[in-house]
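Working notes, beginning with the structure itself.
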Amino acid sequence: MIENAQLIGLSRQIALQRQMDVVANNIANLNTTGFKAEQILFEEYVMPVARNKDFPTLDQPLSYVQDWATIHDLAGGAIVQTGNELDVALNGDGFFAVQTPAGERWTRAGSFLLNSQGTLVDQSGNPVLGVGGPITFGAEETGITIGADGAVSSSAGPKGQLRIVEFSNPQVLVREGSNLFSGGQPQVATRTRAMQGHLERSNVSGVAEMAEMIRVQRAYESVASLAQKQDDMRRSAIQRLGDANA
């Protein structure tokens, strides 16, 4: 019985440790442009073959804790005005498309730059994709404008259109480093509008995440205390058994 209780407690500790990692990552990205928070879904895992002579029947189910999945919180973050012509926020569920060495990736971070070749890139240097490929400006071009539909122009005239994509089920996207997502079946955006001179802030709530971190830490300490008490009980039982046989 003690062994069963310890195993159940251990499964809870493992789940809480994973949850703490997710909360810590959310807090670390509190000020990351376009960052989307994560949450963990837990489920009951029933082990049906626990046995003990004190059970009414030999087999009794035991309920363990399992972190079943990590989901993306894709709620929109606050949109702030910056006035920078290369800052673009997305009003809607869409994503920007960027070209990385590993292939196309998706992001909500619209803090763009021009590299030394005049190509529009993200903060990691990945080219931002237009409908026909990367968008490049000449050194003499000025007055870059980006319309609500993603159409890009400058003093030299039309330059292309930002490739903005949407997903029927964005939860299938896989989070990668540098604030990027991969996977999914991208579709042409129909419900998303670009906002030049604005940025979308992280949707992480600092107060809520700090409260969650405290709750997780207290739960972990509670389970650890229970495990310590069970260990003390086992040690005491072994010692008494030894004294009785002496």
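Quick look at the numbers
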item: Every residue from segment 1-58 that is at pLDDT 70 or above, touching a Leu at 6+ places or on another chain (Cβ under 7 Å) and among the basic types (Lys, Arg); result: Lys36
item: Number of positions in segment 99-122 that are over 20 Å from Glu38 (Cβ atoms) and touching a Ser or Thr at 6+ places or on another chain (Cβ under 6 Å); result: 3
item: One residue from Val204, Val216 being at pLDDT 95 or above, over 20 Å from Phe112 (Cβ atoms) and either within 21 Å of the chain's Cα centre (by Cα) or among the polar types (S, T, N, Q) (or both); result: Val204
item: Residue that is on the phi < 0 side of the Ramachandran plot and touching a strand residue (DSSP E or B) at 6+ places or on another chain (Cβ under 8 Å), where the choices are Val188, Val204, Val172; result: Val188
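The values are calculated or read from the model by the stated rules, or taken from the named source; none is laboratory data. On a predicted model such as this, the values are computed, not experimentally measured, just so you know. With ideal geometry, Cβ positions are generated from the backbone for all residues, glycine too; neighbour counts draw on all protein chains shown.
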